[in-house]
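Below is one structure, written out as structure tokens, with a few remarks after it.
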Amino acid sequence: MSAIVADREQTTDRKPARDRKLTRAAASSDRRFAVISHTLLILWSVIVIVPMLWVLVSSFKSTSEILSSPFKLPKRWRFENYAHAWTDANIGKYFLNSVIIVVSALVLVMLLGAMCAYVLARFEFPGRRLIYYVMLAGLTFPVFLAIVPLFFQLQNFGLLNTRPGLVLTYVAFALPFTMFFLYSFFRSLPHDVYEAALIDGAGDWRAFFQVMLPMAKPGMAAVAIFNFLGLWNQFLLPVALNTDQDKWVLTQGMSAYASSQVYDIDYGGLFAAIVVTVVPVLIVYIIFQRRIAGSVSQGTFR
């Protein structure tokens, strides 16, 4: 009997020892993973941040300083580079055009995309699944294949080389992604809230705008940022559909400014124009970055 008790005591002593070894091994593995992941993140941050800081510092230099000492601080901070880029290179006019076109397209695509996603996610009707997959097919269609048909369509409607024509094109370009992204948000919203709104006398329109849409704010904010980034940096569509120089957007103006100087390039003004182009995107991202981190979800059909 005493031998059995002794064996049991030895077994119970071995179990904690084995558990401690497993715990130490798991902790060691976690530390190695943390070190590797943080090292990669630091390297990636350096790769991204250093060129941006170099462009920012170079925007305050003269061309001779940039070529002779590219990695030194400027001897004199030349704020006139920004004034030159803003006025002489018409970056200010192109910036205003970009703001008008992108903001208008963003408001329209968010409204139409949210309404489309809401109807497909919350209502049952014949053809619902077909419409969903047709919209998804728009994500797989290369934009450059639609340039020629878009050109002739806008020309026939009298919208070629106009801001409204470019706005409508941007909306059509961003609508499938917006619907795809917001679909899962409206699908996951509780039905009880919608039914309570109907009981209180709200119609479908009021229930959508005053109840369901505010509940989808995280998804709306995230997809708005993604759309803003894509539309702000759009180059192919405006180059093909907006050849009127007075209505150029910022990407067209930057391309023309860089190519017009040929061999006598004002690198200080060029880098200042790049900073002006990038700053709005950074501001929008910094303000709403928590929305992106907390609201990315998969838009699957259920």
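The values are calculated or read from the model by the stated rules, or taken from the named source; none is laboratory data. Quick caveat, the model's predicted, so the values are computed rather than measured. Cβ coordinates were reconstructed from backbone atoms using ideal geometry, including for glycine residues, and neighbour counts include every protein chain displayed. Areas reflect the complete protein model, heavy atoms only, side chains present, ligands, DNA and RNA absent. Shrake-Rupley method; radii C 1.70, N 1.55, O 1.52, S 1.80 Å.
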Of Val223, Val275, Val249, the one that fluctuates the most in a GNM where the chain has Cα springs shorter than 10 Å | Val275
Rounded percent of accessible protein surface that carbon and sulfur make up, the stretch 47-120, 1.4 Å probe = 77 percent
With an 8 Å cut-off on Cα pairs and a minimum separation of 6 or more residues, tell me the relative contact order of the chain in percent.
-> 29 percent
Once both axes come from the Cα atoms, what is the angle between helix 2-58 and the longest principal axis of the chain, in degrees from 0 to 90, rounded to 10?
-> 10 degrees
Expected 222 nm ellipticity per residue - DSSP helices of 4 or more, -39500 (n - 2.57), all of the chain, to 500 | -25000 deg cm²/dmol
Averaged over all directions, how much area does the convex hull of the C-alpha atoms of the chain cover when projected, in nm²?
-> 28.8 nm²
The stretch 90-264 accessible area per residue, 1.4 Å probe, protein heavy atoms, integer Å², reads 50 Å²
Does anyone have the angle between helix 250-260 and the longest principal axis of the chain? Alpha-carbon axes, 0 to 90°, nearest 10?
-> 60 degrees
Accessible surface ranking that places the most exposed of Tyr257, Tyr82 first, with a 1.4 angstrom probe | Tyr82, Tyr257
Cα-based Rg of the stretch 71-115 per 2.2 N^0.38 Å, rounded to two decimals?
-> 1.88
Once you list every other residue whose beta carbon is under 15 Å from the beta carbon of Trp86, what net charge do they have if Lys and Arg are +1 and Asp and Glu are -1?
-> -1
By average C-beta atoms within 10 angstrom, highest first, the peptides 213-220, 39-46, 156-163, 54-61 = 54-61, 213-220, 156-163, 39-46
Expressed in angstrom and rounded, the centroid-to-centroid distance over alpha carbons for the stretch 161-202 and the stretch 237-274 is 35 Å
Please give, to one decimal in nm, the separation of the simple spin-label points placed at Leu145 and Leu73, each 7 Å out from Cα toward the Cβ.
-> 5.4 nm
Accessible heavy-atom area order of Glu124, Glu80, Glu65, highest first, probe of 1.4 Å | Glu124, Glu80, Glu65
Select from Ala222, Ser45, Val35 the residue farthest towards the positive end of the dipole of the chain; place +1 on Cβ of Lys and Arg, -1 on Cβ of Asp and Glu, and compute about the Cα centre.
-> Val35
